[in-house]
Amino acid sequence: MPIVRNVSRAVSQLLQSSGCGCGVSIVPVRCIGVSPRQVASDAGFHSVSFAETDHPRVLITGGLGQLGVGLAKLLRKHFGKNNVILSDIRKPADNVFYSGPFIYADILDYKNLREIVVNNRITWLFHYSALLSAVGEANVPLARAVNITGLHNVLDIAAEHNLRLFVPSTIGAFGPTSPRDPTPDLCIQRPRTIYGVSKVHAELMGEYYHYRYGLDFRCLRYPGIISADSQPGGGTTDYAVQIFHDAIKTGKFQCNLKPDTRLPMMYIDDCLRATLEVMEAPAEALTMRTYNISAMSFTPEELAQEVQKHVPELQVTYSVDKVRQAIADSWPMNFDDRNARRDWGWKHDYDLPELVTTMFGFLGSDSRIAQAN
Ligand SMILES: NC(=O)C1=CN([C@@H]2O[C@H](COP(=O)(O)OP(=O)(O)OC[C@H]3O[C@@H](n4cnc5c(N)ncnc54)[C@H](O)[C@@H]3O)[C@@H](O)[C@H]2O)C=CC1
Ligand SMILES: CC(=O)[C@H](N)C(=O)O
């Protein structure tokens, strides 16, 4: 009995002293073992110049998806090519492989991940690996493993090695009982997808590690992201990327959501810039560790009308995917991001017309537009 009392006294002292997120020296170190894997010695990023060490040493997990390659490009511009390591379990395309350091990293392999962090003296980690909303519903056990067990590995390694850790969350972290128009940072979160559940878990675990162990955890809830040169990985908002490709290739687009389904969306450049800005923000400026960020909000019908200004002959039909529609109907319609704007100066650059013009600029629709005129 006295032992139990002593332990609970020690725990309650710890909890009281950790409210500021600093000064708690205990970190969740897992038992140290010998990793069977070695990072290739010719990987090219071991020999850094002295000047390069002034910058953060970055690792991006799940970097070959829709967002990771663009993030690596942005961070390499800021911190130097060799200071940013892209990783994934997939094989990179030639242009990605030759554009900077790439390494195989399975986030479910704790020792391998730890070894990469140690050998490369990583200081900032961007954790992008995930299964998104639609693919997550199609394979719940895998989504649970990657999105939850994988996150636990990342959190422990980040806490153990004193990393600054960015984990993206999503509009999908809200559910049908959340206020949807607009959705504030702090409100009821009862998502009905494994993706959403895993992201709420990530938000809470990251914040818990921050207050309990002093982990420098930072998290943004992204809207649906729209990009020209990378494909989405199986989400509910994917239609808003596909419409551009189909408009150019065939002039026909079949949308899997109803025409009036309103969701928050953002152009990739805004999303990646926000990610860098929140990582660079002074800790004192952050009154929270998880922020909504917002740019625009539209329905498939509104997007189609804007696209038709560039490709007037585009024909849009609707064939609703029940799973995606149910997910979309439970998500925010508009996102309230006032806290991000106040605390660290978040400001989006792209509204719907700029987004559509920029997408067609990238995808080279000039010939079709000329034909249409
Ligand atoms: N793209 C979007 O619209 C949004 C994305 N996000 C979040 O941003 C992050 C990046 O998103 P995307 O690039 O769109 O995702 P994506 O689905 O395109 O890419 C995810 C990557 O994770 C990798 N991965 C899967 N299992 C892995 C494992 N065991 N170990 C290492 N990597 C593994 C995949 O190979 C893939 O390349 C995700 O966490 C996602 O939840 C949040 C909101 C919106
Ligand atoms: C909004 C997201 O998180 C993602 N694009 C999805 O649709 O699953």
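One table, with the values for the structure above:
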| read-out | value |
| --- | --- |
| Odd one out for R273 among (1) more than 17 Å from L355 (Cβ to Cβ); (2) more than 10 Å from ligand 2 (Cβ to nearest atom); (3) basic (K, R) | (1) |
| Residue count for segment 151-180, restricted to those that are within 16 Å of ligand 2 (Cβ to nearest atom) and part of a helix (DSSP H, G or I) | 4 |
| Pairs where the first residue, in segment 146-163, is polar (S, T, N, Q) and the second is part of a helix (DSSP H, G or I) and away from ligand 2 (no atom under 16 Å from the Cβ), C-beta under 8 Å, 6+ apart | N153/Y110; N153/L113 |
| Tally of residues being buried (at least 19 other Cβ atoms within 10 Å of the Cβ), assigned to a loop (DSSP other than H, G, I, E, B) and not aliphatic (A, V, I, L, M) across segment 208-233 | 4 |
| Number of the condition not met by L142 [criteria: (1) in a loop (DSSP other than H, G, I, E, B); (2) in contact with a helix residue (DSSP H, G or I) (Cβ under 9 Å, 6 or more places away or on another chain); (3) free of Cβ contacts under 8 Å to residues at least 60 places away in the same chain] | (1) |
| Odd one out for R212, checked against (1) more than 16 Å from ligand 2 (Cβ to nearest atom); (2) within 19 Å of V307 (Cα to Cα) | (2) |
| Members of segment 119-136 that are surrounded by fewer than 20 Cβ atoms within 10 Å (Cβ to Cβ) and under 24 Å from Y208 (Cα atoms) | T123 |
| Which numbered condition P223 misses (of (1) more than 20 Å from Y239 (Cβ to Cβ); (2) within 12 Å of ligand 1 (Cβ to nearest atom)) | (1) |
| G233 under 30 Å from T149 (Cβ atoms) and near ligand 2 (Cβ under 10 Å from one of its atoms) | yes |
| Number of the exception - K199 against (1) among the basic types (K, R); (2) within 12 Å of ligand 1 (Cβ to nearest atom); (3) in a loop (DSSP other than H, G, I, E, B) | (3) |
| Candidates N147, N139, filtered to the one that is open to solvent by 20 Å² or more (accessible area, probe 1.4 Å), within 13 Å of ligand 1 (Cβ to nearest atom) and under 30 Å from S330 (Cα atoms) | N139 |
| Odd one out for P191, checked against (1) part of a helix (DSSP H, G or I); (2) crowded, with 22+ Cβ neighbours inside 10 Å | (1) |
| Which listed residue is within 16 Å of ligand 1 (Cβ to nearest atom), within 14 Å of the chain's Cα centre (by Cα), in contact (Cβ under 8 Å) with a residue 60 or more places away in the chain and buried (at least 23 other Cβ atoms within 10 Å of the Cβ), from Y239, Y267 | Y267 |
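Conditions (1) more than 21 Å from M205 (Cβ to Cβ); (2) modelled with pLDDT of 95 or more; (3) among the hydroxyl-bearing types (S, T, Y), marked per residue:
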{"residue": "I85", "(1), (2), (3)": "yes, yes, no"}
{"residue": "D88", "(1), (2), (3)": "yes, yes, no"}
{"residue": "Y98", "(1), (2), (3)": "yes, yes, yes"}
{"residue": "L108", "(1), (2), (3)": "no, yes, no"}
{"residue": "K111", "(1), (2), (3)": "no, yes, no"}
{"residue": "L125", "(1), (2), (3)": "no, yes, no"}
{"residue": "P141", "(1), (2), (3)": "no, yes, no"}
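The values are calculated or read from the model by the stated rules, or taken from the named source; none is laboratory data. As the structure is a prediction and not an experimental result, all values here were calculated from the model. Every residue, glycine among them, receives a Cβ derived from its backbone with ideal geometry; neighbour counts consider all protein chains shown. All accessible areas refer to the heavy atoms of the entire protein, side chains included, with ligands and DNA or RNA removed. Shrake-Rupley method; radii C 1.70, N 1.55, O 1.52, S 1.80 Å.
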